[in-house]
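What follows is calculated from the coordinates using simple rules that are stated; it is not laboratory data. Treat the numbers as computed from the prediction; the structure is a model and nothing was measured. Ideal geometry is used to build each Cβ from the backbone, glycine not excepted, and the neighbour counts take in all protein chains shown.
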Amino acid sequence: MRATAAPEEGNKVRLSVEIDEGEIDKALDEVMSRLARDLRVPGFRPGKVPRRVIEARMGGATALRGEALREALPDFYARAVSDTEVDPIDQPEIDITAGDESGPVSFDAVVLVRPTVSIPGYQGLVVTLPSLEVTDDEIGAQIDRLRATSGELVEVSRPAQDGDQVTVDIHGTRGGGAAAADDSDLDAEDFLYEVGSGGVVPELDDQLRGAKAGDIFAFDATLEALGQTVSFRVLVKDVKELVLPDVTDEWASEASEFDTVEELRDDIAGRLRQRHIVQAQMALRQKTAEALVELVTEDIPEQLVVVELRERIHDLNHRLDSQGMSLGQFLGATGRDEQEFLDELRGGALQSVKVDLALRALVEAEGIEVSDEELDEELAAMGERLEMDVDQVRSQLELGGRLAAVRSDRRKAKAMSWLIDSVELLDEDGKPVSRADLLVNEGEEDAE
């Protein structure tokens, strides 16, 4: 078999394929063997049906040859794609140009291929990272969280405000009408609630702000989990504020492993610093990809976006199934509109496709390659996950025509690493950020 590829208008390629008569005869023999085995003809045992009988049953020798071509052309096309290193993203339009009835066969296959995009200016990308500095407000917030664990609730006579703890009796009635037998799950007595937490419905917080002990109020609210309106009646029994202990060395020694407030603050600052570094590392990869995508101005084939979108929906459905939930239930529980959600997924799919195309362009621009040793390392890692040895992984990938894709993915990963190491880093104030500052100290735990 011989195959050549030539570009066509509209990001398409025309594959011109010539197949020797011997290969066609082999394909015809395979079809004959299958039909002889499967056909049930009176007077002949399975597998012993003569060719002339099979041809008669199929409508003649030409029809039998047509059946052989129909079955064999997908394999010939796949071989042509591999031989010419074409990267199709859609089904081909195949036209047999010679050999319908006898002799060698020629066919053309016109197929849409993955486009090549340009990424002008990729060497000068600038990425802005969140600040690594720890502020006094951040340290103070962490200390206040620690103080809250040993704080004391004190009843106050003033109106309730955000952060206060109120004790309430609450009664709910479904549908806004008279109480029903199944409304007991909406009742609670001596319920301790933090004002402003949004733990029930937003309307409850609105009513509690400014309320005092002894106040009674009623309101209607929609509970999305129930899908209906509920009428609430609330009695405020008391209002308490959380009084925090003073920040002293004595308190620090009781509430932590440190003897002084200064030691505690230093520890919190160090942990927050490590958290900022991890956040900056995550932002570095994400913002580098976003900056690269901004360079892509070409139109993206819809077929690529559709395939990526389908994969995302499939993955989402798989995760929801494992939790015993359908997509409809997920949308209902999160209060999201289906079309808006799909539009959001599609936007993410488009960005993912652009990143993929941009990284492929970077691979070519920088001549990034993957050695056989690096590929073996990748296959070994895959084998470890799949509990298979390297030879088994390689064999399966080769049979499925996926080995080249694995090498391509590895090249793109190297391209991304190269780009991350090459972009200029600035903080939110426009000051340079050293990559040495992005290293997390071993053994450091993230601050809570």
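Think of region 201-298 as a dipole: +1 on every Lys or Arg Cβ, -1 on every Asp or Glu Cβ, centred on the Cα centre; then among G214, A269, V243, G214 lies furthest on the positive end. Translational D (Stokes-Einstein, µm²/s) of region 47-157 at 20 °C and 1.002 mPa s when Rh comes from the Kirkwood sum over C-alpha pairs? Reported coefficient: 97 µm²/s. Bridging of K237 to lysines at a Cα separation below 23 Å is possible for K212, once same-chain residues fewer than 8 apart are set aside. With coordinates expressed along the principal axes, the C-alpha atoms belonging to region 152-243 extend over 39, 20, 19 Å, beginning with the largest.
In terms of surrounding Cβ atoms within a 10 Å radius of their Cβ, D20, D267, D299 rank from fewest to most as D299, D20, D267. In the chain, a dipole from Cβ-located charges (positive for Lys and Arg, negative for Asp and Glu) runs towards its positive end, and of S326, Q392, V423 it is Q392 whose Cα lies farthest in that direction. Of interest is the spacing of the C-alpha centroids, which for region 339-391 and region 150-173 amounts to 53 Å.
In percent, rounded to a whole number, the relative contact order of region 2-112 is 36, using alpha-carbon pairs under 8 Å and six or more apart. When P(r) over Cα pairs in 20 Å bins from 0, in percent is computed from the coordinates, the matching label among (1) 17, 31, 23, 15, 9, 4, 1, 0; (2) 15, 32, 30, 16, 6, 0; (3) 24, 59, 17, 0 is (2).
Treating the angle as unsigned and between 0 and 90°, give the value, to the nearest 10°, between the Cα long axis of helix 61-84 and the longest Cα principal axis of the chain. Helix 61-84 sits at roughly 50 degrees to that axis.
Simple point charges give the picture: +1 on the Cβ of Lys and Arg, -1 on the Cβ of Asp and Glu, and for region 152-243 a dipole about the Cα centre of about 260 debye.
Computed from phi, the 3J(HN,Hα) profile of region 23-32 under the Karplus parametrisation 6.51, -1.76, 1.60 (θ = phi - 60°) reads 5, 5, 4, 5, 5, 5, 5, 5, 5, 4 Hz, with x in place of Gly and Pro.
The convex hull defined by the C-alpha atoms of region 198-321 has an orientation-averaged projected area of 16.2 nm². In a reduced charge model with +1 at each Lys and Arg Cβ and -1 at each Asp and Glu Cβ, region 244-351 shows a dipole moment near 520 debye about its Cα centre. Taking all Cα pairs closer than 8 Å and separated by 6 or more residues, the relative contact order of the chain comes to 16 percent. Selection among G175, G199, I143 by position relative to the dipole of the chain gives G175 as farthest towards the positive end (Cβ unit charges, Cα centre). Computed about its Cα centre, the charge dipole of the chain is approximately 2960 debye, with only Lys, Arg, Asp and Glu carrying charge at their Cβ.
Each of the trypsin sites (Lys or Arg not before Pro) that DSSP puts in a loop and that has at most 16 other Cβ atoms within 10 Å breaks the chain; the longest unbroken stretch is 49-208.
The lysines within cross-link reach of K12, meaning a Cα-to-Cα straight distance under 29 Å and a gap of 8 or more places when in the same chain, are K354, K412, K414. Entry note, region 152-243: relative contact order of 45 percent, from Cα contacts under 8 Å with a spacing of 6+ residues.
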